[in-house]
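The values are calculated or read from the model by the stated rules, or taken from the named source; none is laboratory data. Being a predicted model, the structure only gives us computed values, none of them experimental. Neighbour counts are summed over all protein chains in view; Cβ atoms, including those assigned to glycine, are modelled from backbone coordinates with ideal geometry.
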Amino acid sequence: MASEERVLEALLKEERTFPPPAYFVDKALVKDASIYEEAKADREGFWAKQAESIDWFQKWDKVLDTSNAPFFKWFVNGKLNVSYNCIDRHLNTWRRTKAAIIWEGEPGDDRVLTYQDLYREVTKCANVLKELGVKRGDRVTIYLPMIPELAIAMLACARIGAPHSVVFGGFSAESLRDRINDCQAKLVITADGGWRRGGIVPLKKNCDDALAQCPSVEKVLMVKRTGQDVNFVEGRDYWWHEMMARAPIGCEPEHMDAEDMLYILYTSGTTGKPKGVVHTTGGYLVGVAATHRMIFDIKDDDIYWCTADIGWVTGHSYIVYGPLANGCTTVMYEGSPDWPERDRFWAIVEKYRVNILYTAPTAIRAFMRWGTEWPARRDLSSLRLLGTVGEPINPEAWMWYYKYIGNERCPIVDTWWQTETGMILISPLPGVTTLKPGSATVPFPGVEAAVVDNTGKEVPLGSGGYLILKSPWPAMLRTIYGDPDRYVAQYWSRFENVYFTGDGARRDEDGYFWIMGRVDDVINVSGHRLGTMEIESALVDHPAVAEAAVIGKAHEVKGQAVSAFVTLKEGIQGTPELANELKAHVVKKIGAIARPEDIFFTAELPKTRSGKIMRRLLRDIAEGRVLGDTTTLADPAVVAQIKEQYESKE
Ligand code: WTA
């Protein structure tokens, strides 16, 4: 069964409900369901009220400008600075000495930065950026491991108005190169390396390889993390610690317009080329701060930990910007959950007395597999709220999380959103919403989501279709960097005047949303978003390959695994060695996250008469299903043949 069908089947049987526990409601920040009605009655008023909790240098004139839809503007003419909101405004309060970031490195080293410390480091870094020639509007690519310098660098960019583009440390040199070139970055911030399962990820080496083909980059700022010998290009490369040692403390924050770009973040779509999702300053900060505060029920004494990597949007919005804007203590961990042992997450919860934990279903499924003895050896009694993000959570994993991590005491917020949405859009409010395992429940106040059929008509409760958003929200992407047409075509053209998410969903009789997964050529491997076309281009880049079709095949732990069907050039044999070589080729082109789990050599691929590869049928084969509709195939014999070979291989 395809993963979403598996989910669907489990979900249809799912009838358990979990109302918010009394002890939780008692102290909850939001405990009155009337917030939904209020927001519905006056959506813009609701968002304006949320914007009051941000510090503005100049207040906005208008909450939402729809005159040039779908290029919406929020908080028109408002002026603010994100780093000021995440740091400076806390300094005049008791939070000055509060831990802003609690960081733990994979080898076990740790650092705590108070808001005052963060001010010092960020303003120094901002001065370093200026010294290296970065000006307001210049793009800076950040390719760092999960170390405090990553958050510091982002905030320093925000301080001087230089949009950052963070590239996940697991991406290859070639992926880094393409992302640098797309945004024409002037500076790259990297490290010698990062730790992963005791080994070194050679970030500087990848960076050097990338920069051979990045003419826009003038300078490189390098953090010393792992300490091995690295190549150093005089006049281009600068050590972070040397520059920071001389940099003065204090740097006036730029007054940015609400609609000025805060960052670009690349994500996979339905074409071979990743797209640069553009987020801006005002609406984004309002959206992430409000959702973070209300969905995670943030109190001033909380220790909050989101286990994502900052290389993904979850880390941007819910490790850095949302939590720091709220003056919260945010935990950052550098490494792997199974290093040195499989209880590392639980050791971190115990060590820092984490209260709120936000992680991914794929991690929960791995923990389930590793067994309950690992969490059982640690004291998890500090936890009071749990969250998940990134993919549909199967009710079984939900129940395991609820029971073995939350001790049947902690509500779980299953949060649906995307790189493009910038902020969580569908999620319970833990003091209000009755939970159903496997459902992201209902749209956040002020958000209008719906499920529609092929023609754009809303489906009746109890049925499924496409998930859409009926009206703009403050943290929405504003465009695709350098490609506004693609922004319109991709998101605002499938149905009239609404945003198309690319996800399928069902609504139950209570109106709850059950997200079924992607309906486009995007696959979700361990919560990482990959484009099938991207991986196919990486495969056909290999000299032995004629054609390739990539699908996401249902996988116990990862949700989906990359599975490739490959035809080879005339006279080349499909050997296990070649399969390994192709896997390595994909890793080199994209990064280890895209490595195919299996490669199946076939003489032909099933195509429609117009030549389109029918991946859907390949998925049916890979997941052992009865073949779907084959009437549009140019040659139905091809698919029957592949099926037979595939099954004899299994
Ligand atoms: C999926 C990650 C079900 C969905 C924040 C979406 C989810 C894609 C959930 C975006 C959830 C994310 N339940 N599916 N709670 N959260 N997704 O851009 O398919 O990396 O479209 O953003 O992840 O992935 P992205």
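Based on this model, can you work out whether G78 counts as crowded, with 21+ Cβ neighbours inside 10 Å and among the small types (G, A, S)? It is true that G78 is crowded, with 21+ Cβ neighbours inside 10 Å and among the small types (G, A, S).
For segment 419-432, the condition holds for no residue, the condition being that it is closer than 17 Å to I356 by Cα, free of Cβ contacts under 8 Å to residues at least 40 places away in the same chain, aliphatic (A, V, I, L, M) and out of contact with any Cys (no Cβ under 7 Å at 6 or more places or on another chain). Pairs meeting the criteria (first residue in segment 14-37 and more than 16 Å from P445 (Cα to Cα), second residue in a loop (DSSP other than H, G, I, E, B) and polar (S, T, N, Q), beta carbons under 9 Å, at least 6 apart or on different chains) are E14/S439; T17/T434; F18/T434; P19/T433; P19/T434; P20/T433; P20/T434. The residue that is farthest from the ligand (Cβ to nearest atom), counting only those in segment 531-548 that are part of a strand (DSSP E or B) and surrounded by fewer than 24 Cβ atoms within 10 Å (Cβ to Cβ), is A546. Taken together, V413, V452, V432 contain a single residue that is of a type in the set (A, V, I, L, M, F, W, C) and not assigned by the TED database to the domain that holds G311, which is V452.
Counted as qualifying within segment 152-214 are the strands (runs of 3 or more DSSP E) with 1 or more residues that are in the same structural domain as V122 (by the TED database) and surrounded by 24 or more Cβ atoms within 10 Å (Cβ to Cβ), namely 164-166, 187-191, 194-196. The C-beta contact set for segment 373-399 (first residue over 26 Å from D309 (Cβ atoms), second residue assigned to a loop (DSSP other than H, G, I, E, B) and within 16 Å of the ligand (Cβ to nearest atom), distance under 6 angstrom, 6+ apart or interchain) comprises P395/E14; P395/P437; P395/G438; M399/P437.
Given the condition crowded, with 21+ Cβ neighbours inside 10 Å and either more than 12 Å from the ligand (Cβ to nearest atom) or not assigned by the TED database to the domain that holds M614 (or both), answer yes or no: does some residue in segment 455-462 qualify? Taking every residue of segment 455-462 in turn, none turns out to be crowded, with 21+ Cβ neighbours inside 10 Å and either more than 12 Å from the ligand (Cβ to nearest atom) or not assigned by the TED database to the domain that holds M614 (or both).
Within segment 492-501, track down each residue that is surrounded by fewer than 20 Cβ atoms within 10 Å (Cβ to Cβ) and not charged (D, E, K, R). Residues satisfying the conditions are W492, S493, F495, N497, F500. Taking segment 400-422 as the range and being more than 9 Å from the ligand (Cβ to nearest atom) and in a loop (DSSP other than H, G, I, E, B) as the test, the residues that pass are G406, N407, E408, R409, C410, P411, G422. For segment 252-259, the count of residues that are in contact (Cβ under 8 Å) with a residue 40 or more places away in the chain and under 20 Å from the mean Cα position of the chain (by Cα) is zero. Of the residues K569, K583, K558, the single one that is in contact with a strand residue (DSSP E or B) (Cβ under 8 Å, 6 or more places away or on another chain), within 16 Å of the ligand (Cβ to nearest atom) and of a type outside the set (G, A, S) is K558. Taking first residues from segment 510-525 that are within 10 Å of S439 (Cα to Cα) and partners that are within 9 Å of the ligand (Cβ to nearest atom) and of a type in the set (F, W, Y), the Cβ contacts under 9 Å between residues at least 6 apart in sequence or on separate chains come to F513/W416; I515/W416. Which members of segment 252-294 meet the condition of being part of a helix (DSSP H, G or I) and away from the ligand (no atom under 16 Å from the Cβ)? Those that are part of a helix (DSSP H, G or I) and away from the ligand (no atom under 16 Å from the Cβ): G282, G283, L285, V286, A289, A290, R293, M294. When residues in segment 295-341 are screened for being among the aliphatic types (A, V, I, L, M), out of contact with any Ser or Thr (no Cβ under 7 Å at 6 or more places or on another chain) and within 16 Å of the ligand (Cβ to nearest atom), 2 of them pass.
Going through (1) touching a residue at least 60 places away in the same chain (Cβ under 8 Å); (2) hydrophobic (A, V, I, L, M, F, W, C); (3) over 21 Å from M294 (Cα atoms); (4) assigned to a strand (DSSP E or B) one by one, A450 falls short only on (1). In summary, D61 fulfils each of the numbered conditions (1) within 26 Å of T280 (Cα to Cα); (2) touching a helix residue (DSSP H, G or I) at 6+ places or on another chain (Cβ under 6 Å); (3) not small (G, A, S) with the single exception of condition (2). Here are some residues: M476, M516. Which one is buried (at least 17 other Cβ atoms within 10 Å of the Cβ) and either assigned to a loop (DSSP other than H, G, I, E, B) or assigned by the TED database to the domain that holds Q184 (or both)? Unique residue meeting the criteria: M476. Considering only residues that are more than 12 Å from the ligand (Cβ to nearest atom) and closer than 25 Å to L285 by Cβ, look in segment 476-485 and name the one that is nearest to the chain's Cα centre (by Cα). The selected residue is M476.
Given the condition at pLDDT below 95 and either more than 14 Å from the ligand (Cβ to nearest atom) or on the phi > 0 side of the Ramachandran plot (or both), answer yes or no: does some residue in segment 511-523 qualify? Yes, segment 511-523 contains at least one residue that is at pLDDT below 95 and either more than 14 Å from the ligand (Cβ to nearest atom) or on the phi > 0 side of the Ramachandran plot (or both). Within the set V432, V488, V447, V498, the sole residue that is in contact with a Gly (Cβ under 9 Å, 6 or more places away or on another chain), hydrophobic (A, V, I, L, M, F, W, C) and away from the ligand (no atom under 13 Å from the Cβ) turns out to be V498. When residues in segment 376-397 are screened for being farther than 16 Å from F345 by Cβ and either within 13 Å of the ligand (Cβ to nearest atom) or touching a Phe, Trp or Tyr at 6+ places or on another chain (Cβ under 6 Å) (or both), 5 of them pass.
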